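This report concerns only the one structure given below.
What follows draws every value from the coordinates through simple rules; no lab data is involved. What you see is a predicted model, and the numbers here were worked out from it, not measured in a lab. Note: ideal-geometry Cβ built from the backbone for every residue, glycine included; neighbour counts use all protein chains shown.
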Amino acid sequence: MKERYINPFTDFGFKRLFGSEPNKDLLLDFLNELIKERGHIQDLTYLKAEQLGLSEFDRRAVFDLYCESDTGEKFIVEMQKAKQKYFKDRSVFYSTFPIREQARRGDEWDFQLNAVYTVGILDFVFDEDKDSPEYFHHHVQLMETKRKKVFFDKLTYIYLEMPKFTKTEEQLETHFDKWLYVIKNLPRLQERPRRIQERVFHRLFEAAEIARFDPAERAAYEESIKVYRDLKNVIDTGREEGREQGREEGREQGSLERAREIARRMKTAGEPVAKIVAYTGLTAEQIADLE
């Protein structure tokens, strides 16, 4: 059956639903569910997604979404399609940019910082948590290990391992459950689920309906879904090849070839070099040499 709604795990789908000014209320509602114990965001401002280093030689960061709340809190929101060897390291590295940019020149600044949140919606499972199917919502802050208490609450990492969310429509209990259900199942739905009737989801289903796209939007989405499916296919094929090779040398070579193939497809789709570097682990020079 032909898909009625877009896939939010594609770049186009994710940014259409959460990264456009007309649909900002969707992102607001979703983020408020994630941080509702800390307060309520009234408004958001989208910020420049590409962050530069201190010099032209420093590594850049390219966020999927970067925004600021009405109270000055910073949010990095990423839809992560493929597992990366140093994904957590990259998350921490990315979070340093909104911290650093808060620095003020002069002697009067007292180092007070606004909170920074990094949100990752993951289309994969962490290796270290694969045996804990019920544990998919990670909420990470700096903790004092002996006392088991939060030491610094202005730096937060939230990761959602979406493959572990397996609730059916009948099992949905909370607004947050409904958000996760829609994000995971949207491209498989043909009608709006009976139990998901809130106004914000009415807005989401309208924005996600492919039939409403103009020709340029449809072409952009079709290219985005092709890149997504090719990426998934390369990853799945690589896993199967890795199982068959069985030797460390072969696995390393297979991993490099998979990274190159992913980079080629992302490069063809016009993705920024910095983002390809982050996804594949290849260097900018290796990516430039790809044909």
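If you count the DSSP beta bridges with both ends in the chain, what percent of them are antiparallel, to the nearest 5? Antiparallel: roughly 55 percent of the beta bridges in the chain.
With only alpha-carbon atoms in the gyration tensor, what are the semi-axes of the equivalent ellipsoid for the stretch 96-242, in Å, largest first?
34, 23, 21
How much of the pair distance distribution for the stretch 119-164 lies past 17 Å, counting alpha-carbon pairs only, in percent? Everything past 17 Å amounts to 42 percent. Return a whole-number percent for the relative contact order of the chain, with Cα pairs under 8 Å and 6 or more residues apart as the contact set. Relative contact order, the chain: 20 percent. Ranking Ile183, Tyr221, Ile158 by Cα position along the charge dipole of the chain, where only Lys, Arg, Asp and Glu carry charges on their C-beta atoms, puts Ile183 farthest toward the positive end.
Annotation: peptides 142-154, 188-200, ranked by per-residue average of other Cβ atoms within 10 Å with the highest first, follow the order 188-200, 142-154. For the stretch 46-175, the Kirkwood hydrodynamic radius comes to 16.8 Å, computed from all pairs of different C-alpha atoms. Model label points for Lys130 and Ala219, set 7 angstrom from Cα along the Cα-to-Cβ axis, are 4.2 nm apart.
So which residue, out of Glu170, Glu50, Glu261, gets the largest mean-square fluctuation from a GNM of the chain using Cα contacts under 10 Å as springs? Of the options given, Glu170 has the highest mean-square fluctuation. Out of Gly19, Gly39, Gly281, any idea which swings most in a Gaussian network model of the chain, alpha carbons joined below 10 Å? Maximum fluctuation in the GNM of the chain, among the listed residues, is at Gly39.
Would you list which aspartates and glutamates come within 20 Å of Lys148, measuring only between C-alpha atoms, while excluding same-chain residues fewer than 8 positions from it? Within the straight-line limit of under 20 Å, Lys148 reaches these aspartates and glutamates: Glu37. Relative to its Kirkwood radius, the Cα radius of gyration of the chain gives an Rg/Rh of 0.96.
Take the alpha carbon atoms of the stretch 130-216, find their radius of gyration, then divide it by 2.2 N^0.38 Å using N residues; give the quotient.
Ratio of Cα Rg to 2.2 N^0.38 Å: 1.46.
Pairs exceeding a 22 Å alpha-carbon distance, out of Lys81/Lys226; Lys226/Lys267; Lys36/Lys178; Lys85/Lys167; Lys15/Lys232; Lys184/Lys267: Lys85/Lys167; Lys184/Lys267. Quick one: net charge of Ile41's neighbours, Cβ under 15 Å, K/R +1, D/E -1? After counting each charged neighbour, the total is -4.
Taking a ≥ b ≥ c as the square roots of the Cα gyration tensor eigenvalues, with a/c under 1.5 meaning rounded and otherwise prolate when a/b beats b/c, else oblate, which class fits the stretch 1-118? Verdict is oblate for the stretch 1-118. Of all the options Tyr157, Tyr135, Tyr228, the one that moves most in a Gaussian network model of the chain with Cα springs shorter than 10 angstrom is Tyr135.
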